[in-house]
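Visitor: Let me begin by handing over the structure; questions about it come next.
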Amino acid sequence: MRNGNMKILLLGLGKTVTAASLPQSWPDAYVTKNFFGHEVITFGYADGVDIKCAPEDTFETIISRLPKGWMPDICICTHIDWLFIPPGIENAPFPIINITADWDYRLAIAKTCADIFDMTIVLGEDSRKSVESLGAKNVYPFHYFGVLKEHIHKDIDSIGKREFDISFTGSINDVSHLDRSKWLMRLCELSDKYNIYINYPGSSIEEYLEILRKSKLVFTFHRRGELQLRFTDAVAQGALVLDSGKETAKYFNDDEYAKFDDSDFEKVIDKFLNDENLRKGTVKKCFNRVNREFESRYRFKELIDFIEEKLDIISKTKRQFKELPETEKLIRQAETYYYNFYETFIPRNISYLFKSAELLEKAAAIQESPKILTDLAVVKSSIAFKTSENFNKDKNLSDAIAILQRAIKRFPDYAMAYFNLAFIYFTINETRKAEKNFRLAIGKMSERAENLDPWCLYHFEHHKKPQDFKKILNDCLITISENKSQRGLLAANNLYISTCWYFIGKILLSEGKVYEAYECWQKSISKNCERGMILKELAELADILEDIEFAERTYKKALNLLPLNIELRIAYIKFLYRNKKYNECLQECKTTLKICKTIRAYRLCTKEIKNIILFLRRKTGETPSPFKSIDALKLGHLTNVIEFLTLAFTKNPKDIRLLLRGASLLINSSLYDDAIDILEKAEEKFSKEEKNHIKKTLVELYRYKIKKGRDDSTKYRRKFSRILTLPILSDNKRPFPKVSVLVRTYNRPNLLKECLESLVQQEFKDFEVVLVNDGGADVTEIAANYKNKLKISLVNHGTNLGRSAAWNSAIKIARGKHLAFLDDDDIFYPSHLNKLYDAIQKNNVKVAYSNCYCVKELLLNNEEKKVVKEIYKTNDFDPSLLLMKNYIPIITLMAEKEAVEDAGLFDESFDVHEDWDMLIRLALDNAFFHLNEATAEYRIRADNSNSRTAERERYLDTLMKLYDKYNYLVRNNPEILKVQQNNIKLLREEIEMRKKFVQKNSSPLAAFR
């Protein structure tokens, strides 16, 4: 190598708005042609670089435009997440280096390009592992960001009074930065105590730096714990940084910044804001390090030196991309053009889409595959959506539809062909065809998770509807890449099914089929409950349909996922107000006011919140008003809902539920004449049975009119609310059962029948059954035989995913407020659900458990024979005891679904003791009620995994793992630690005894002696 005198070809952003707002992020903004002895030539796709490229230019073309005789030693491609990689770069006769920071935002492009490069630079260790899993070679962590010298303040002591105690300027996005949003919420909570400034980045670098100069503390948070650019920027302006990233500690000492974790966040803030000398001294130390080691040009020079050290290693690496089949190369290049049209910092050019289509057509000419055909159709339809004013006459669109129809005919199990065809029809408003193909896609994905191709192209317009699709899909793709393909594929499958149900709901809503749409959106969140935007829409629809309990639960779940969504918060506040939950409403108002006060972009919403507080005070009598009977908030909601229902009823005039919901609203608002009017006009449109219902209502209304002035109107409105109540679901079932019984099964169909029969015998009837077949023998026929006896849903795992995954699949689609758990070889006694549900209600708890019988069985000649039946008496609830032993069999448990979700679902890294792990986490936030009565039967058989010596060894491994997981709870409790150590010792001794005994005795009863 050149010993510090290399020729470097550098991919840059050029002169763009993005580069001007964050020049320290883009090396071409500060690297000179003669850079510490290196010769640098820049190239890119905007003005301001040495060689400006066109989209069609190959890398060979770019090389040909270099000065005569000038050949690079290396090519450095910065931020390929946002810049275009020229085709043919994989053939470069010199090393190509990839520098990536936001690879997880654009995971598909990161995967597409991973094996093109000889070396990849990332910001941290976690990124290194993940990018390697995508196929990249020679991946190294190195923090290459710094601060431009001209942005480092010459004398931080001379900066005057700092206006803000704490500031944050950056992206405020619940969908892509949920963890950060939760920290920002905690900052907002401190706004009464400190002057806190939170806002989106300014329009210029000067505005951004000015905010940092005005701040005492600057909050930074990176989703992967990496050192943020904002860290060094803040220190360069004399601000102390609040940071918790694990990578930060590799570059800065603990006494150089305000390091925090979840437990001491507020204490750390108080410590530094109440001690000015400490704060200034800490900043000074950090400032000196930044000035010495983190100037941008110095950092990039250090990076070049680091790359030069590794050149001997990377020169021996084969570029895997070059070895790929021609069709795969064409697909990768086409994907690069497609993704870079939609997500890039360079000027968008429609020719990228045309080039993508051209490459895919070449690939299809070599070999037609379902992915190639579907990708080609997606690109062609995208061209139509961007260029056509008349879809009916657009050739690209008609070609796309024809290609997908051909793909479906040739490859009928390829779910993505149906999905993308449905989306095309949805976009051009052919709703019947769209709904049909969305349902076909659901069918294919439900048959086998493998029918989904998660790497296939999808329409970028689609991920904005709703916005969370891309983020969740990226998480699934990361899981797939990290050797957890089945789990990631199942998650992606559920995401796509959830999306299909969402779009079907949108179609039905556009046709006035409101209740049917409501069901579809419930199915959507049952497949993926992490979709905040869908939960928001579902909560609002539940509110309109007066499904109050479900609406409140859904609003809360949506807020947990979208904590800084002010529109959602205001909708929830108004919901609480209308339903007379004044204390909760006031608390939410105060929280939202703090957010609006702290986040500058939301300050305009402050007035609306204060108006709601004024209405609250009038309602509670704090602020008397001569117009107390006029409630503008309720009146506004009534007007909006009536308009919504009227439009829906116009499109779907035969749905009596819409009519009666509208009439109910009018009656509850004392608008009796209007209610009579709409019922009389609509009466003739309905069947005889429906007419009778309307007539009953009208009779009551007429009576009221006659007796007007003598009846108590409040009592009367309650009476009519009862009369007009119709079930929300079209099959006359409750929208949600009180309890979901989760049943998991694996290769025990005969035992499963007895298990399900015990559910048929339950005294408590308001429950559903969610049966998960974890990759075992087919139980479809068994489930079908119970369709008329139980409300049963069947989930099939394509392969055995494990005990925890089976529980989690069931939880995600369970609709009940409470969950009960049952394995296929156990049974509930008839009173089980009744008594546990009653215990929860009477004792106002979220979790209850009972006793059970333990039945040890011996399997002889394929017949079950009971050997021993004894009471398994559980202990009264003691969370400390749970840290020593599991005294609560999972079949005795009933818990609120929300409590289980809050605890974090079952840990899929546990293949046994997963129930114990869940119980510990539930107990951290909930007191359990113990029903001291046996209501279930837990079975152990001679061939059961619980009794085999090999399985006892597995028990030992997971026991130690579980104790280690919760060591932080007991590390200062020697009594519990002693019991844990003794339990491990006893289990080891038992295993040794079993091994010796089995060698001497082959009886089937040996395992029980």
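The values are calculated or read from the model by the stated rules, or taken from the named source; none is laboratory data. These numbers come from a predicted model, not from an experiment. No Cβ is skipped: glycine too gets one built from the backbone with ideal geometry, and neighbour counts run over all protein chains shown. Ligands, DNA and RNA are stripped out before the accessible areas are found, and what is left, the full protein with its side chains, is counted by its heavy atoms. Shrake-Rupley method; radii C 1.70, N 1.55, O 1.52, S 1.80 Å.
Visitor: I'd like the residue in segment 80-100 that is within 33 Å of the chain's Cα centre (by Cα) and either free of Cβ contacts under 8 Å to residues at least 40 places away in the same chain or not assigned by the TED database to the domain that holds ASP118 (or both) and, out of all such residues, is surrounded by the fewest Cβ atoms within 10 Å (Cβ to Cβ).
Guide: In this case the residue turns out to be ASP81.
Visitor: From LEU440, LEU404, LEU421, which residue is more than 16 Å from ILE331 (Cβ to Cβ), open to solvent by 60 Å² or more (accessible area, probe 1.4 Å) and hydrophobic (A, V, I, L, M, F, W, C)? If you could, list the steps in order and put the result at the bottom.
Guide: On the way: LEU404 fails: open to solvent by 60 Å² or more (accessible area, probe 1.4 Å); LEU421 fails: open to solvent by 60 Å² or more (accessible area, probe 1.4 Å).
Just one listed residue meets the conditions, LEU440.
Visitor: With the structure loaded, tell me whether ILE401 is among the β-branched types (Val, Ile, Thr), more than 35 Å from the chain's Cα centre (by Cα) and part of a helix (DSSP H, G or I) or whether it fails that test.
Guide: no
Visitor: Do we have any residue at all in segment 299-322 that's under 17 Å from VAL235 (Cβ atoms) and crowded, with 17+ Cβ neighbours inside 10 Å?
Guide: If we filter segment 299-322 for residues that are under 17 Å from VAL235 (Cβ atoms), which is where we start, we get 299.
From what is left, the residues that are crowded, with 17+ Cβ neighbours inside 10 Å are 299.
Checking segment 299-322: at least one residue is under 17 Å from VAL235 (Cβ atoms) and crowded, with 17+ Cβ neighbours inside 10 Å.
Each row is one residue, and each column tells you yes or no for (1) assigned by the TED database to the domain that holds ALA110; (2) in contact (Cβ under 8 Å) with a residue 24 or more places away in the chain; (3) over 15 Å from the mean Cα position of the chain (by Cα); (4) within 27 Å of THR780 (Cα to Cα).
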position: ASN451; (1), (2), (3), (4): no, yes, yes, yes
position: LEU457; (1), (2), (3), (4): no, yes, yes, no
position: PHE460; (1), (2), (3), (4): no, yes, yes, no
position: LYS470; (1), (2), (3), (4): no, no, no, no
position: THR479; (1), (2), (3), (4): no, no, no, no
position: SER526; (1), (2), (3), (4): no, yes, no, yes
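Visitor: Take segment 212-223 and flag every residue that is aromatic (Phe, Trp, Tyr) and open to solvent by less than 10 Å² (accessible area, probe 1.4 Å).
Guide: Result: PHE219, single match.
Visitor: Of all residues being of a type in the set (A, V, I, L, M, F, W, C) and closer than 25 Å to ASN451 by Cβ in segment 358-370, which is most open to solvent (accessible area, probe 1.4 Å)? Just the residue, please.
Guide: Result: ILE366.
Visitor: Kindly indicate which of LYS386, LYS355, LYS409 is surrounded by fewer than 24 Cβ atoms within 10 Å (Cβ to Cβ), among the charged types (D, E, K, R) and at pLDDT 95 or above.
Guide: Values: LYS386 fails: at pLDDT 95 or above; LYS355 fails: at pLDDT 95 or above.
Checking each option against the conditions leaves just LYS409.
Visitor: Then there is this: Considering ILE116, ILE121, ILE172, ILE156, which residue is under 14 Å from GLU226 (Cβ atoms) and not aromatic (Phe, Trp, Tyr)?
Guide: ILE121
Visitor: Separate question: Mind listing whichever residues of segment 113-123 are part of a helix (DSSP H, G or I) and within 29 Å of the chain's Cα centre (by Cα)?
Guide: Scanning segment 113-123 gives CYS113, ALA114, ASP115.
Visitor: Of (1) of a type in the set (Ser, Thr, Tyr); (2) open to solvent by less than 70 Å² (accessible area, probe 1.4 Å); (3) without any contact (Cβ under 8 Å) to a residue 40 or more places away in the chain, THR336 satisfies all except one. Which?
Guide: (3)
Visitor: Now, a different point. Please state which of the following conditions ALA19 fails to meet, knowing it meets all the rest: (1) closer than 24 Å to ASN349 by Cα; (2) in a loop (DSSP other than H, G, I, E, B).
Guide: (2)
Visitor: Step by step: first the residues of segment 793-805, then only those that are in a helix (DSSP H, G or I) and open to solvent by less than 20 Å² (accessible area, probe 1.4 Å), then the one that is farthest from ILE890 (Cα to Cα). Which residue is that? Let's see the steps before the verdict.
Guide: Start the filter on segment 793-805 by keeping residues that are in a helix (DSSP H, G or I), which leaves 803-805.
From what's left, open to solvent by less than 20 Å² (accessible area, probe 1.4 Å): 804-805.
On the way: SER804: 12, ALA805: 15 Å.
The qualifying residue farthest from ILE890 (Cα to Cα) is ALA805.
For (1) in contact with a strand residue (DSSP E or B) (Cβ under 7 Å, 6 or more places away or on another chain); (2) open to solvent by 20 Å² or more (accessible area, probe 1.4 Å), each residue gets a yes or a no:
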{"residue": "HIS153", "(1), (2)": "no, yes"}
{"residue": "ASP165", "(1), (2)": "yes, yes"}
{"residue": "ASP179", "(1), (2)": "no, yes"}
{"residue": "SER191", "(1), (2)": "no, no"}
{"residue": "ASN199", "(1), (2)": "yes, yes"}
{"residue": "GLU210", "(1), (2)": "no, yes"}
{"residue": "GLY225", "(1), (2)": "no, no"}
{"residue": "VAL235", "(1), (2)": "yes, no"}
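Visitor: Also: Among the residues of segment 642-661, are any within 19 Å of TYR577 (Cα to Cα) and either assigned to a helix (DSSP H, G or I) or open to solvent by 20 Å² or more (accessible area, probe 1.4 Å) (or both)?
Guide: Yes, some residue in segment 642-661 is within 19 Å of TYR577 (Cα to Cα) and either assigned to a helix (DSSP H, G or I) or open to solvent by 20 Å² or more (accessible area, probe 1.4 Å) (or both).
Visitor: With SER244, SER263 as the choices, which residue is within 30 Å of the chain's Cα centre (by Cα), over 24 Å from ILE121 (Cα atoms), open to solvent by 10 Å² or more (accessible area, probe 1.4 Å) and of a type in the set (S, T, N, Q)?
Guide: SER263
Visitor: Among the candidates LEU756, LEU751, LEU790, LEU771, single out the residue that is open to solvent by less than 10 Å² (accessible area, probe 1.4 Å) and more than 31 Å from the chain's Cα centre (by Cα).
Guide: Working: LEU751 fails: open to solvent by less than 10 Å² (accessible area, probe 1.4 Å); LEU790 fails: open to solvent by less than 10 Å² (accessible area, probe 1.4 Å); LEU771 fails: more than 31 Å from the chain's Cα centre (by Cα).
Result: LEU756 is the single residue among LEU756, LEU751, LEU790, LEU771 that is open to solvent by less than 10 Å² (accessible area, probe 1.4 Å) and more than 31 Å from the chain's Cα centre (by Cα).
Visitor: Give me the pairs: first residue in segment 982-1006 and modelled with pLDDT under 85, second residue open to solvent by less than 60 Å² (accessible area, probe 1.4 Å) and of a type in the set (S, T, N, Q), beta-carbon distance under 9 Å, and six or more apart or on different chains, which are they?
Guide: Final answer for the pair search is ILE991/THR949; ARG994/THR949; LYS995/THR949; VAL998/THR949.
Visitor: Out of curiosity, is ILE442 within 29 Å of LEU801 (Cα to Cα), in a helix (DSSP H, G or I) and touching a Phe, Trp or Tyr at 6+ places or on another chain (Cβ under 9 Å)?
Guide: Yes; evaluated as a whole, the condition is true for this residue.
Visitor: Follow-up question, since we're still on this one. Of all residues being within 22 Å of ILE609 (Cβ to Cβ) and acidic (Asp, Glu) in segment 538-587, which is surrounded by the most Cβ atoms within 10 Å (Cβ to Cβ)? Just the residue, please.
Guide: Per the criteria, the residue is ASP543.
Visitor: Of these, ILE109, ILE172, ILE166, which one is within 22 Å of PHE272 (Cβ to Cβ) and in contact (Cβ under 8 Å) with a residue 40 or more places away in the chain?
Guide: ILE166
Visitor: Output the helices (runs of 4 or more DSSP H) that fall wholly within segment 806-921 and possess 3 or more residues being touching a Ser or Thr at 6+ places or on another chain (Cβ under 8 Å), or say none. Step through it out loud before you land on a result.
Guide: Working: elements: 832-843, 879-882, 897-903.
Here the list reads 832-843.
Visitor: Any idea which residue in segment 54-96 is farthest from TYR338 (Cα to Cα), counting only those that are acidic (Asp, Glu) and not in a loop (DSSP other than H, G, I, E, B)?
Guide: Among those residues, the one meeting the criterion is GLU60.
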